[in-house]
Amino acid sequence: QVQLVESGGGLVQPGGSLRLSCAVSASVSESIAMAWYRQIPGRERELVAFITGGGNPDYVDSVKGRFTISVDSAKNTVDLLMNNLQPEDTAVYYCRDRRGGYIYWGQGTQVTVSS
């Protein structure tokens, strides 16, 4: 069983920045892909960014150029740096780990963008 714990959420003004971090209880180097999702109440969970074991990141169009996903293999963490945040980025953000035929989720962290 792999555990994921997100942190770094909070309230930020439009145009501001936040860095989310996901602490993984297993080696991130053994993951097939690490990803960040987000969910607004009443809507489906949406993929925001992912990075494969080979280190290739990709992003949903709405966050390209603003968000950056990165992996720290020494600390077993996956970060999501979010710049120029907008009200439409408000959501609960979840970390996801896919490995060995299984998918693991964190408990989520709330990000609220409001003036």
Quiz item: Considering the dipole of region 1-78 built from charges on the beta carbon (Lys and Arg +1, Asp and Glu -1) around the Cα centre, which of P41, S17, N56 is farthest to its positive end?
Solution: S17
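Pull out the extension gain between S114 and K75, defined as 0.36 nm times the separation in residues minus the alpha carbon to alpha carbon distance; nm, one decimal.
Working: separation 39, 0.36 × 39 = 14.04 nm, distance 3.17 nm.
Computed gain between S114 and K75 is 10.9 nm.
Provide the per residue accessible area, probe 1.4 Å, for the chain, rounded to a whole number of square angstrom. Don't jump to the answer; show the numbers that get you there.
Values: 6020 Å² over 115 residues.
I get 52 Å² per residue for this part.
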Exercise. Enumerate the residues in region 88-115 having an amide nitrogen under 18 Å from the point lying 7 Å beyond the Cα of S25 toward its Cβ.
Key: 95-109
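Taking R0 as 25 Å, what's the FRET efficiency between V5 and N56 from their Cβ-Cβ distance, rounded to 0.05? Could the numbers behind the result be given before it?
Details: r = 25 Å, r/R0 = 0.99.
Efficiency computed from Cβ-Cβ geometry: 0.50.
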Quiz item: Which value, in debye to the nearest 20, describes the size of the charge dipole of region 1-47 about its Cα centre when Lys and Arg Cβ atoms bear +1, Asp and Glu Cβ atoms bear -1, and nothing else is charged?
Solution: 140
Practice problem: Measure off, as a whole percent, the carbon and sulfur share of the 1.4 Å-probe accessible area of the chain, all protein chains present. | Solution: 48
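The values are calculated or read from the model by the stated rules, or taken from the named source; none is laboratory data. Just so you know, these numbers come straight off a predicted model, no measurement behind them. Note: ideal-geometry Cβ built from the backbone for every residue, glycine included; neighbour counts use all protein chains shown. Surface areas here come from the heavy atoms of the whole protein model, side chains and all, with no ligands, DNA or RNA. Shrake-Rupley method; radii C 1.70, N 1.55, O 1.52, S 1.80 Å.
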